[in-house]
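Every read-out reported here was derived from the displayed coordinates using simple, explicitly stated rules and does not represent laboratory data. Keep in mind it's a predicted model, so treat the numbers as computed, not measured. Glycine gets a Cβ as well: all are built from the backbone with ideal geometry, and neighbour counts include every protein chain shown.
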Amino acid sequence: MLRSADPAERDDVAYFAMVQRISSGAEDDDLVALGDEMARRLTDPEVQVRTFAALILAEIVERDMATDRARSAAVLRWRDAFAAWYPAERDLRGWDERLGWLHAVAHGADVLAVFGRSPRLGRDDLRGLLVIARERMLAETDYVLRDQEEDRLAYALALVLSRTELDEEDSVGWLGPICDAFNAGEPGPVPAFATNAMRTLRMLYLLSDRGFLLPEATRGDTTAEVTHVAHPQALRHALADVLRLTWPYLG
């Protein structure tokens, strides 16, 4: 059912059923096998299979964070499969009239966010996640993101950048190739990838300035603790420098 082209069957039934099974512990004994299956599906020829495998993989990694039922080797194996899929995905449609929600960028961002919080990933792994996100932003595409997909990617980046294992250089160094891409821009229509990257970085600036709530925080809970990136001032300055390349009126 998770492979179904019918969005009601895939999204409304299968996805929610699997989330409930994983969060309840019903899949704990088979968590690694299930994760391996979802990682394999990231190479499936059908887009809805790939994007919903990503969502389930996020749930599996999150369950491991709560239970320690997977192994580090398995989580890193899933990370590698995700790294091979996410920047390379070319079908970026959000909503399709026949297939329903596909949302590769948003679903992949949700996976990135969970990997970014997993204690099984160390400093080098976290730096690698920043590279994956950057490659996703810079990948050639004709599709301009919508439905707050760039916001979800920025939020995932903020979660990764909140990890204290990352030093100041780690937090800003990944932006260099984005500067190069913006500097290489030519007169004419703004490429879709550049628009997507600008929008993502703008939201990341806002999150680095105001802070953000963790995913488990109750919506509307005014007592929820605000989380911040590990190096907010350095990140804001670096983001402003990048964005100034595209909008010279920035103060």
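Distance in nm between label sites at C179 and D124, each 7 Å beyond Cα in the beta-carbon direction? Taking the two extended label points, one gets 2.6 nm. For the chain, a Kirkwood radius taken over Cα pairs fed into Stokes-Einstein (37 °C, viscosity 0.692 mPa s) yields D = 175 µm²/s. Report the FRET efficiency, 1/(1 + (r/R0)^6), for A66 and H237, where r is their Cβ-Cβ distance and R0 is 30 Å, rounded to 0.05. Computed FRET efficiency for A66 and H237 comes out at 0.25.
Multiplying the residue separation of R90 and R77 by 0.36 nm and subtracting their alpha-carbon distance yields 2.4 nm.
Annotation for E46 and T227: the two label points, set 7 Å from Cα along the Cα-Cβ direction, are 3.4 nm apart.
Cut-off 10 angstrom, C-alpha nodes, Gaussian network model of the chain. Which of P215, P177, P187 fluctuates the most? Maximum among the listed residues: P187.
Amide H to amide H, with H built 1.01 Å from N, D96 comes under 5 Å of W101, L102, counting only residues 5 or more places away or on other chains. Let me check I've understood the local charge: for G122, count other residues with C-beta under 11 angstrom from its C-beta, Lys and Arg +1, Asp and Glu -1. What total comes out? That sum, taken over residues with Cβ under 11 Å, equals +1. Computed FRET efficiency, Cβ-Cβ of L245 and A217, R0 25 Å: what is it to the nearest 0.05? Here the calculated transfer efficiency is 0.15. When both region 190-251 and region 19-83 are represented by their alpha-carbon centers, they are found 28 Å apart.
GNM on the chain, alpha-carbon springs under 10 angstrom: the most fluctuating residue among G188, G176, G122 is G188.
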